[in-house]
Amino acid sequence: MIEVSQIRKSYNGSRALDGFNLRVEKGELFGLVGPNGAGKSTLIKILSTLIRADSGVARIAGFDVAADPLAVKSAVGYMPDQPGLYQDMRVREFLEFFADAFRIPSQRRRAVVDQGLDESALGARAESFVEELSFGMKQRLFLAKTLLHSPQVLLLDEPATGLDPLARVDLRDQLKRLNQQGITILLSSHILADLQEICSRVALIAGGKNQQDAAGSSVIELRTPDSSLPRLYEVGVLRDGERAAQFAGAFTGVKVMQVEPSRMLVEISGEAAQAAEFLRHLVTSGVQVVRFDRPAATLEQRYRDVFGEKPR
Amino acid sequence: MNPMIRKELRQRMRERRGWILPSLYLLALCAIISFVYYEQSSESGRTQQGWQFGVTLFLTLAYSQLALLLLMAPIFSAGALTIEKEQRTLPGLLTSLLGPVQIWWGKFAASLMFVLLLLLIGIPVLSAVFAFGGVGPWEVGIVAFTTVVILGTISAISLYWSSAFRRSVHATAVSYVTVVVMTVVTLIIFGIAMSSVRAQDGWHSIPLEVRAPLYLNPLFFLTTALVPKNQLYPEWFTCLGAFVAVAALCAALTLRNLRRSGDVA
C-alpha cells in the first residue's frame, strides 16, 4: 500500500532523507521510529504530497506521489504533529469546510459530517467554537477531519504529542479501530509503548536512512500476523525458575529461550489459546506464576540497542 | 462556490474589524463630504455654480475614497496566507483537494469582496454629488472601475507578500511599504526625472522613461480616468495594462510560493 524506494530530500544542502526505503502492506498499522531529526516528518510530508522528494520513488495505493498528487490526496489522510485548526470556526463548520474541500457532494456532506461528529464523540459540541475545545477534543476533531473523505491510508506524524494519558489511550483505541476497519496506518511516534501496543511492525530511521538492529533487520516485527508463528512471552515466577523451565520445556509447542531465578522467556507456537493452556499447565504443575506477559520492553530495548539513547 | 471564499467571508464577518472598518470608512467619507460642503459654501463670494460644486465634491470623494481603501486593502490581504502559516492550518489546505489556484483565488476574491463591500456602502455618500450635477454615471462608473483595478492589484501584491513571509506583521508592513512606494516614491522619481527634462509640448513630449514610474501610481491611474471618454487612450489603458500585469505577476509568484510552502508548513 505504501512503497518508498531510495527516497532523498535535502534542505539547504543538509540531507533529511538519504536513500530511505519502506514497504507497508495493505491493512497494516506500521510504526516509524527514530531520534529527532531522523527524517520521519520529512518522509510523511513527502507521502502526503506536501513536499517533493529530490529523487527516489514513493507510491501510495499504486499512485506516484510526485506524478499523481491529486489521486494520492484522495487516498490519504494526513495528520501533522501540530494539527492546525480554525479556532474561530464552529466544530460543524470546520468539518463542513473540509468536506467541501475534499469535494464530497453536497447531498452527502451533512451525513458525512454527522458521522465524523459521532465517531469523534463531538456531536454534543457541534455548535461550539473550536477554541472552546480541550486539546484532546481538538485532536479528535482533526482526526475526524482527516477521515472525512474515507482515506485508504492514514499518515500520522506524532499524533500523541501533548495528549494527556487518557487522551492517548483514547487515540490508541481509535487507531486500532480504524485499522480493524481496513485502513492502512503509518504512524510516526517517539512513544515506544504506544507503538509496541498497536503496531504490527516498526521501521527504524536515523540520519534519513534505514537503521538495522543487531539481527540486521531494519523493520522490527511486533505482531506476528500469522497466528501459527511463535510469540515471545515473559513468565515471572516466585522462585525456582529452573524448575519452571523444566515444566515449560515439557509442554508441546513451547521453547524456553532464557531462564533466570525469577523469570523465563519462552516462545509459544500456535493460537493464543495455546498460551492460555501453557499457563494452566504451569499453574497446575505447582509453579508459582506471578507474571505472564509478552515482554513490553522489547521495542524500547531494541531502540536503545540501535540508537544508544533513551527514547522520550 | 469555492469553499475558500465561503470560509474566508464567514471568518471575516465574525471578526470585530468586519464591522468596525466599514463603520469607520463611512464616518470618514461623511466627514470629508461635510468638510468639503462647509469649505465650499463658506467661500467668499459664493460664485460657484452647482455643477462646479458637484465636480469638486466628486473629485474630493474619489481621491479620498481611493486613499482610504489603499490604507485598508492590505489589512484584508496581507495576513491572508500568513495566518494559515501562523495557525498551522496551511498543511490541511494543501493536502485537501483544493489546489493552489483555488486557495489563491479564494483568498484574493474574499479580500477584494470586502473592499468592494466598502466601495458599495460608499455609493449612497457618493450619489450625493448627483444632486449638484456636473457628474454623470460614466464618470462614477469609470472611477469605480479604476478603483477596483487598483485595489485588486494591491490585494494581489499583499497576497504575494503574505505567501513570502511567515508572520502577518511582516507581510502587512511590507505591503504598506509597497503602497507608499507606488503612491509616493513613483511621484518623487517622476519629479526628479522631470527636473532634467524640458517638456515644452505638454505631457506627450515627456520621454517615456520619465513618465514610466507614474503608470504604476494609483493616484495617477485614477487621474487618467477623469479625462473625457475619447482621451482615455493611451494613458488610462497603459496604466490599466501596467496594473493588470503587476497583479498577474504577483498571482503567478504567489502560486509558486504556495506550491513550495509544504516545506515551511
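For this structure, a couple of remarks:
- Inter-residue pairs, beta-carbon under 8 Å, first among the charged types (D, E, K, R) and in the stretch B:1-22, second outside any helix (DSSP H, G or I) and surrounded by 11 or more Cβ atoms within 10 Å (Cβ to Cβ), 6+ apart: B:Lys7/A:Tyr86; B:Lys7/A:Met89; B:Glu8/B:Ala80; B:Arg10/A:Met89; B:Arg14/A:Asp88; B:Glu15/A:Asp88
- Per the listing B:Ile150, B:Ile142, B:Ile157, the residue uniquely touching a Pro at 6+ places or on another chain (Cβ under 6 Å), in a helix (DSSP H, G or I) and over 28 Å from A:Asp100 (Cβ atoms) is B:Ile150.
- Checking each residue in the stretch B:177-227 for being under 15 Å from B:Val149 (Cα atoms) and of a type in the set (Gly, Ala, Ser) picks out only B:Ala225.
- Positions within the stretch A:175-214 being crowded, with 19+ Cβ neighbours inside 10 Å, in contact with a helix residue (DSSP H, G or I) (Cβ under 7 Å, 6 or more places away or on another chain) and in a helix (DSSP H, G or I), in sequence order: A:Leu175, A:Leu192, A:Asp194, A:Leu195, A:Gln196, A:Ile198
- Residue satisfying all of: in the stretch A:87-112; under 16 Å from A:Arg140 (Cβ atoms) and within 13 Å of chain B (Cβ to nearest Cβ); surrounded by the fewest Cβ atoms within 10 Å (Cβ to Cβ) among these: A:Gln87
- Of the helices (runs of 4 or more DSSP H) lying entirely inside the stretch B:70-122, those containing at least 1 residues that are modelled with pLDDT under 90 and either farther than 20 Å from B:Arg167 by Cβ or within 13 Å of chain A (Cβ to nearest Cβ) (or both) span B:100-121.
- Checking each residue in the stretch A:277-297 for being under 27 Å from A:Ala193 (Cβ atoms) and either assigned to a loop (DSSP other than H, G, I, E, B) or under 27 Å from the mean Cα position of the chain (by Cα) (or both) picks out A:Arg291, A:Phe292, A:Asp293, A:Arg294, A:Pro295, A:Ala296, A:Ala297.
- Within the stretch A:139-174, restricting attention to residues that are closer than 22 Å to A:Val33 by Cβ and small (Gly, Ala, Ser), the residue that is surrounded by the most Cβ atoms within 10 Å (Cβ to Cβ) is A:Ala160.
- Only one of A:Asp118, A:Asp54, A:Asp64 that is in contact with a strand residue (DSSP E or B) (Cβ under 6 Å, 6 or more places away or on another chain) and more than 9 Å from chain B (Cβ to nearest Cβ): A:Asp54
- In the stretch B:73-86, the residues that are out of contact with any Phe, Trp or Tyr (no Cβ under 7 Å at 6 or more places or on another chain) and either closer than 22 Å to B:Arg256 by Cβ or free of Cβ contacts under 8 Å to residues at least 60 places away in the same chain (or both): B:Ser77, B:Gly79, B:Ala80, B:Leu81, B:Ile83, B:Glu84, B:Lys85, B:Glu86
- Among (1) more than 19 Å from B:Val135 (Cβ to Cβ); (2) among the acidic types (Asp, Glu); (3) more than 14 Å from every other protein chain (Cβ to nearest Cβ), the one test that B:Glu39 misses: (1)
- Counting the residues of the stretch A:79-102 that are in contact (Cβ under 8 Å) with a residue 12 or more places away in the chain and closer than 30 Å to A:Arg59 by Cα gives 12.
- Residue among A:Val33, A:Val24, A:Val76, A:Val4 that is more than 14 Å from every other protein chain (Cβ to nearest Cβ), in contact (Cβ under 8 Å) with a residue 60 or more places away in the chain and touching a helix residue (DSSP H, G or I) at 6+ places or on another chain (Cβ under 9 Å): A:Val33
- Failed item, numbered, when A:Ser41 is tested on (1) buried (at least 23 other Cβ atoms within 10 Å of the Cβ); (2) closer than 25 Å to A:Arg304 by Cα; (3) of a type in the set (Ser, Thr, Tyr): (1)
- Here the stretch B:5-16 is the region considered, the condition is being at the interface with chain A (Cβ under 8 Å from one of its Cβ atoms) and assigned to a helix (DSSP H, G or I), and the residue that is surrounded by the fewest Cβ atoms within 10 Å (Cβ to Cβ) is B:Arg14.
- Considering only residues in the stretch B:17-33 that are surrounded by 13 or more Cβ atoms within 10 Å (Cβ to Cβ) and β-branched (Val, Ile, Thr), the one that is nearest to the other protein chains (Cβ to nearest Cβ) turns out to be B:Ile32.
- Hey, B:Gly45 more than 13 Å from every other protein chain (Cβ to nearest Cβ), part of a loop (DSSP other than H, G, I, E, B) and modelled with pLDDT of 85 or more or not: no
The values are calculated or read from the model by the stated rules, or taken from the named source; none is laboratory data. As the structure is a prediction and not an experimental result, all values here were calculated from the model. Heads up, the Cβs are rebuilt from the backbone with ideal geometry, glycines too, and the neighbour counts pull from every protein chain shown.
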